[in-house]
Every structure is written in structure tokens, then in C-alpha cells.
1. Which one of these does residue 54 not meet: (1) exposed (fewer than 14 other Cβ atoms within 10 Å of the Cβ); (2) at pLDDT 85 or above; (3) small (Gly, Ala, Ser)?
2. Check whether at least one residue in the stretch 82-90 is modelled with pLDDT of 90 or more and surrounded by 15 or more Cβ atoms within 10 Å (Cβ to Cβ), and report yes or no.
3. Please list, ordered by first then second residue, the pairs with beta carbon atoms under 8 Å, 6 or more apart or interchain, first in the stretch 1-23 and more than 19 Å from residue 72 (Cβ to Cβ), second small (Gly, Ala, Ser) and surrounded by 16 or more Cβ atoms within 10 Å (Cβ to Cβ).
4. Give the number of residues within the stretch 1-37 that are within 10 Å of the chain's Cα centre (by Cα) and not aliphatic (A, V, I, L, M).
5. Against the condition in a strand (DSSP E or B) and β-branched (Val, Ile, Thr), how does residue 69 come out, does it pass?
6. Enumerate the pairs (first residue in the stretch 49-73 and farther than 24 Å from residue 15 by Cβ; second residue anywhere and part of a strand (DSSP E or B)) with beta-carbon separation below 7 Å, excluding pairs fewer than 6 apart on the same chain, so at least 6 apart or on different chains.
Amino acid sequence: MAAQTVGNLNVVVIGWNDATSHVVSVSDTRGNAYSAALSRRCSRASTTQVIYYAAGIGASAAGANTVTVNFDAAVSYGGRAGCGVRRHQRDDPG
């Protein structure tokens with residue numbers, strides 16, 4: 001991940017292959033607070049996808065901030081499931 005500057009937004013997209021497990025927490029090594037933004041379940045395919053975000057994050061050098069996702073049970077990441085993190089920089093100073 002690129003360097004993070006104060007005030008950026010981290011977005012974490014998490015997907016897994018069952019419809020019964022749940023995300024318990026999302027955290028990172030910088031101590032930023034993550035909140036749930038969106039949850040989607042596809043019962044036909046037994047997959048789940050959620051989006052978490054941390055607004056106004058603290059600064060971190062490139063590759064120095066690790067995001068951890070904790071579940072309430074073991075989950076499968078096969079197929080199209082997985083986890084992605086994106087950093088968004090606020091360009092509007094207002």
C-alpha cells in the first residue's frame with residue numbers, strides 16, 4: 001500500500017465463501033477506527049461481501065500499516081473471495 005497521509009480514507013472490501021460467518025472486527029497497526037459501510041449476501045452462491053472504512057486516518061509510511069480482519073468462525077476464500085484495501089486521498093480542502 002502507498003504511504004498514507006493524515007486525513008486519508010481507508011476502504012476495506014472483504015469477501016468470503018459462506019453465508020453464515022460474520023466479521024467481528026477490522027483493525028490496523030496504526031489504531032485507526034473502522035466502521036461497517038455495506039454488507040451483501042448472495043444466498044444462491046453462498047458468498048458474503050462487506051465493506052469497512054476508516055476516515056481521517058493517521059499517517060503511515062508505504063507498507064507500514066497492516067489491516068487485520070477477524071471473523072466469528074473459520075471462512076473460505078476460494079474462488080472470487082478475498083480482501084482488498086484502498087486508500088483515498090481527500091483532494092478537496094473544504
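The values are calculated or read from the model by the stated rules, or taken from the named source; none is laboratory data. No experiment lies behind these values; they were computed from the predicted model shown. Please note: Cβ atoms are built from the backbone with ideal geometry, for glycine as well, and neighbour counts cover all protein chains shown.
1. (1)
2. no
3. Pairs found: 3/60; 4/60; 9/54; 10/54.
4. Total meeting the criteria: 7.
5. yes
6. Close Cβ pairs satisfying both conditions: 59/4; 60/4.
Residue by residue, here is whether (1) surrounded by fewer than 15 Cβ atoms within 10 Å (Cβ to Cβ); (2) at pLDDT below 90 holds:
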| residue | (1), (2) |
| --- | --- |
| 3 | yes, yes |
| 11 | no, yes |
| 17 | no, yes |
| 24 | yes, no |
| 28 | no, no |
| 38 | yes, yes |
| 45 | yes, yes |
| 67 | no, no |
